[in-house]
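Working notes, structure below.
Read-outs throughout are calculated quantities, based only on the coordinates presented, and are distinct from any laboratory measurement. Bear in mind the structure is a predicted one, so any value in this text is a computation, not a measurement. Note: ideal-geometry Cβ built from the backbone for every residue, glycine included; neighbour counts use all protein chains shown.
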Amino acid sequence: MTRPQDAFASAPYDAKTLANKHRISIEEAQKIIAEHGADRKASDKAARRIAA
């Protein structure tokens, strides 16, 4: 049985949410999401590289 938090973790980010979380532009967040899709871990990693 899938736990709710596991299902949420595999859902793709909303661009605004990713942008706000990492303090990047929405356009940058959209590019990251387009590249990494539903992989939140990879999206977070890419966003951290831009934000740094």
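Could you give the alpha-carbon Rg of the stretch 4-51 over 2.2 N^0.38 Å, rounded to two decimals?
In units of the globular-protein estimate, the stretch 4-51 measures up at 1.02.
With each label modelled as a point 7 angstrom along the Cα→C-beta vector, the Ile26-Asp39 pair spans 2.6 nm.
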